[in-house]
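The values are calculated or read from the model by the stated rules, or taken from the named source; none is laboratory data. Note that the structure is a prediction, hence the values are computed from the model and not measured. Neighbour counts are summed over all protein chains in view; Cβ atoms, including those assigned to glycine, are modelled from backbone coordinates with ideal geometry.
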Amino acid sequence: MDKYDRMLLSALLENGRASFAELARKVNLSAPAVAERVAKLEACGVITGYQAKVDLEKVGLPIQCVIELRLASHGNQQTYEALTQIPQLTECHRVTGDPCVIMQAAVGSMPELEELINRIAQFGFSKTSIILSSAVQRRLPLGHLEHNGKKA
């Protein structure tokens, strides 16, 4: 992974449908060089897939939130499996620290949020924060000169 690979990854996070020609202009390489690099990044598993960005508000989910959960029963696999069955949860991460789990959710209304919070409460103590705006969304930390101990 060199600076060009990281620049390509960053550009693909911005627009996963960008053509090789567009990517080439962004990173100052030829389109064939970009195609080769992207193919290598896919082959070695750095790029695991491509997905669409969805404006949740425009699909009827205007309320997004972060939910911290301190489990009543730590490490219970059944709890994690039950959380995967809650459709309003868009992300769920097992973490270190005070909460055991940090989740993101999207709902259509405040009553739906209340229902979600009540559903999650059966697993332990939860704390919910409504997302007002997002200053940073999916990006690579390209500001660092070193990556994995190697100079870029």
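Before moving on, here are some points about what is shown:
- Enumeration of residues in the range 40-69 that are in contact with a Gly (Cβ under 6 Å, 6 or more places away or on another chain) and either of a type in the set (Ser, Thr, Tyr) or at pLDDT below 95 (or both): Tyr50
- Yes/no for Arg70 being of a type in the set (Lys, Arg), under 15 Å from the mean Cα position of the chain (by Cα) and within 25 Å of Leu113 (Cβ to Cβ): no
- Answer residue from the range 73-87, given it is polar (S, T, N, Q) and more than 20 Å from the chain's Cα centre (by Cα) and is nearest to Asn118 (Cα to Cα) among those: Thr79
- Arg25 vs. criteria assigned to a helix (DSSP H, G or I), of a type outside the set (A, V, I, L, M, F, W, C) and touching a Leu at 6+ places or on another chain (Cβ under 8 Å): no
- When Arg138, Arg37 are checked against the criterion of being touching a residue at least 24 places away in the same chain (Cβ under 8 Å), touching a Leu at 6+ places or on another chain (Cβ under 8 Å), of a type in the set (Lys, Arg) and part of a loop (DSSP other than H, G, I, E, B), Arg138 stands alone in meeting it.
- Flag if Glu42 is under 17 Å from the mean Cα position of the chain (by Cα), more than 18 Å from Arg138 (Cα to Cα) and surrounded by 13 or more Cβ atoms within 10 Å (Cβ to Cβ): no
- Residues of the range 76-133 that turn out to be part of a helix (DSSP H, G or I) and not hydrophobic (A, V, I, L, M, F, W, C), as a count: 12
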